[in-house]
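Novice: Just passing along the structure, written as structure tokens.
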Amino acid sequence: MIKLTQKEEFAMDLFWEKGPLFVKELMDFYEEPKPHINTLSSVVRSLEEKGLLTHEAFGGSFRYSPAMTREEFGQQTFKGVIGKYFDNSYLRAVSALVKEEDISIDELKKLIKMVEKGSL
């Protein structure tokens, strides 16, 4: 399971929303006070080390792109949570949602019908 800091999550959201960016272009989307360019470069390198970004060289600069979609990251993270906190049991995870009333019985019934119809 890939864990992101708040800074990494904010940067990834920008990459997913804007597409390929140089670090200097990424900086333009931050509000004042903007992070230092070295700080932002460290965040981007960390995201690349975690496998979330790839880069393409342009002279002495790198343009970074998402290595996976937001949806792929969400699925991977969800699987990690299920594995770590629910012992790889999706039934236990759904049961926890029902117990906490985060999903109603009616919503669960709709979900079952969708699965049975293959319309997910």
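The numbers here are math on the coordinates, done by the rules we state, and not lab data. Quantities reported herein were computed from a predicted structural model and do not represent experimental measurements. Every residue, glycine as well, gets a Cβ built from its backbone with ideal geometry; the counts of neighbours run over all protein chains shown.
Novice: Working only with C-alpha atoms, what are the Rg and Dmax values of region 6-66, expressed in angstrom?
Specialist: Cα-based Rg and Dmax for region 6-66 come out at 10.5, 31 Å.
Novice: Please turn the phi angles of region 21-30 into ³J(HN,Hα) values with the Karplus equation 6.51 cos²θ - 1.76 cosθ + 1.60 (θ = phi - 60°), one per residue in order, whole Hz, x for glycine and proline.
Specialist: 9, 7, 4, 5, 5, 4, 4, 4, 8, 8
Novice: OK, next. So for the chain, averaging the separation of alpha carbon pairs under 8 Å that are six or more residues apart and normalising by length, what relative contact order in percent results?
Specialist: Relative CO of the chain lands at 22 percent.
Novice: Can you list residues from other chains, or at least 5 along the same chain, whose modelled amide H is less than 5 Å from the amide H of Phe22?
Specialist: Those qualifying (amide H under 5 Å, at least 5 residues apart or on another chain) are Tyr64.
Novice: If you don't mind, another one. To the nearest 10 degrees, how steeply does helix 37-49 sit against the main Cα axis of the chain, on a 0 to 90 scale?
Specialist: Orientation of helix 37-49: about 50 degrees from the principal axis.
Novice: I would also like to ask the following. From the phi angles alone, apply the Karplus equation (6.51, -1.76, 1.60; θ = phi - 60°) to region 56-62 and give each ³J(HN,Hα) in whole Hz, x where the residue is Gly or Pro.
Specialist: 10, 7, 10, x, x, 10, 10
Novice: Now for a separate question. Round to the nearest 10 and give me the degree value, 0 to 90, for the angle of helix 70-85's Cα axis relative to the longest principal axis of the chain.
Specialist: Taking the Cα atoms of the chain, the angle to 70-85 is about 60 degrees.
Novice: Would you please give the residues with an amide H less than 5 Å from that of Thr54, counting only those at least 5 places away or on a separate chain, with H modeled from the backbone geometry?
Specialist: Ser65, Ala67
Novice: Using Cα pairs under 8 angstrom and six or more residues apart, how large is the relative contact order of region 6-66, in percent? Provide the component values of the computation, followed by the final result.
Specialist: Values: 59 pairs, mean separation 25.5, N = 61.
Relative contact order of region 6-66: 42 percent.
Novice: Report Rg/Rh for the chain, rounded to two decimals, where Rg is the Cα radius of gyration and Rh the Kirkwood radius.
Specialist: 1.12
Novice: What GluC sites (Glu not before Pro) does region 1-66 have in DSSP loop regions with at most 16 other beta carbons within 10 Å?
Specialist: Of the GluC sites (Glu not before Pro), the ones in loops of region 1-66 whose Cβ has at most 16 other Cβ atoms within 10 Å are Glu31.
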